[in-house]
Amino acid sequence: MSERREGPRVLLTTLPGDLHRLGLQMCAVITALTGARVMYLGPDTPVEEIVRTASGESVAAISISIAPNMDPGQVTGNLTKLRKHLDSNIEIAVGGTGAPSKLEGINTFDSFKEYYNWLSHLRQINK
Ligand code: B12
């Protein structure tokens, strides 16, 4: 689905220590349906690795699925670190039951419907 797309590149992963991958896979399908190109890193990626991959591949957004068992302090710490080391024009989207409700520079989504609409809009901007 991704190789034939011409939309923005979206990198998908979970944060370090989060092994839950089904929500992430669903997110990858929704992402592909908007016409975006999915770069699927799979779960449990170190923050440095996310930054390195995103910076080398002209990525428009990083979407992260967060499971409820994740420590909120660690989640906030990792997302803040990610935001700090990424180019400011790379969007960060988070969702899942462990996602923080509000964090500066991070887009939190309560549903795939909201996420889909946001990503479709981002695609228009990146055309
Ligand atoms: C499968 C599973 C595992 C598997 C995961 C394997 C794999 N390959 O994915 C394994 C065995 C590894 C596992 C391990 C653990 N798990 Co577990 N696991 C589950 C289970 C049964 C299903 C999770 C799942 O896939 N759900 C289906 C997906 C589709 O749902 P979802 O991720 O929530 O995604 C939905 C939304 O959240 C949202 N969403 C998700 N991502 C995104 C992203 C965006 C951008 C958007 C918009 C929306 C979105 O949309 C999805 C569809 O509605 C749940 C219980 C449950 N019924 O949910 C427990 C559960 C999540 N696990 C739990 C726990 C505690 C653990 C462990 C800590 C257990 C342990 N003591 O070892 C470890 C932690 C491992 C780790 N380091 O991450 C708890 C968490 C409770 C809590 N509040 O802390 C749960 C809820 C079980 C329970 N009732 O106790 N787990």
Would you confirm whether or not the range 76-99 contains a residue that is assigned to a strand (DSSP E or B), under 20 Å from R5 (Cβ atoms) and in contact with a Pro (Cβ under 8 Å, 6 or more places away or on another chain)? no
Considering every residue within the range 37-45, establish whether at least one is touching a helix residue (DSSP H, G or I) at 6+ places or on another chain (Cβ under 9 Å) and in contact (Cβ under 8 Å) with a residue 60 or more places away in the chain. no
Counting only residues that are of a type in the set (V, I, T) and over 20 Å from S120 (Cα atoms), which one in the range 64-88 is nearest to the chain's Cα centre (by Cα)? I66
Name, by its number, the condition in (1) among the acidic types (D, E); (2) loosely packed, with under 14 Cβ neighbours inside 10 Å; (3) under 12 Å from the mean Cα position of the chain (by Cα) that does not hold for E91. (2)
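The rows are residues; the columns are (1) more than 22 Å from T31 (Cα to Cα); (2) at pLDDT 95 or above.
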site	(1), (2)
D71	yes, yes
G77	yes, yes
T80	yes, yes
I92	no, yes
G96	no, yes
T108	no, yes
S111	no, yes
K127	no, no
Tally up the residues in the range 43-54 that are surrounded by fewer than 16 Cβ atoms within 10 Å (Cβ to Cβ), within 16 Å of the ligand (Cβ to nearest atom) and assigned to a helix (DSSP H, G or I), please. 0
Complete set of residues in the range 1-42 that are within 15 Å of the ligand (Cβ to nearest atom) and of a type in the set (D, E, K, R): D18, R21
Pairs only if they're at least six apart or on different chains, beta carbon under 6 angstrom, first in the range 6-35 and closer than 16 Å to V75 by Cα, second surrounded by fewer than 22 Cβ atoms within 10 Å (Cβ to Cβ) and of a type in the set (V, I, T); list them, first residue then second. T13/T45
Exclusive hit being within 8 Å of the ligand (Cβ to nearest atom) and acidic (D, E), set E104, E57, E114: E114
Evaluate the following for R21: is it surrounded by 13 or more Cβ atoms within 10 Å (Cβ to Cβ), of a type in the set (K, R) and under 19 Å from Q124 (Cβ atoms)? no
Matching residues in the range 71-96 - criterion: being among the hydroxyl-bearing types (S, T, Y) and under 16 Å from P16 (Cα atoms): T76, T80
Would you check if A93 is hydrophobic (A, V, I, L, M, F, W, C) and in contact with a strand residue (DSSP E or B) (Cβ under 6 Å, 6 or more places away or on another chain)? yes
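The values are calculated or read from the model by the stated rules, or taken from the named source; none is laboratory data. Since the model is a prediction, treat every value here as computed from it, not as a measurement. For neighbour counting, all protein chains shown are included, and Cβ atoms are generated from backbone atoms with ideal geometry for every residue, glycine included.
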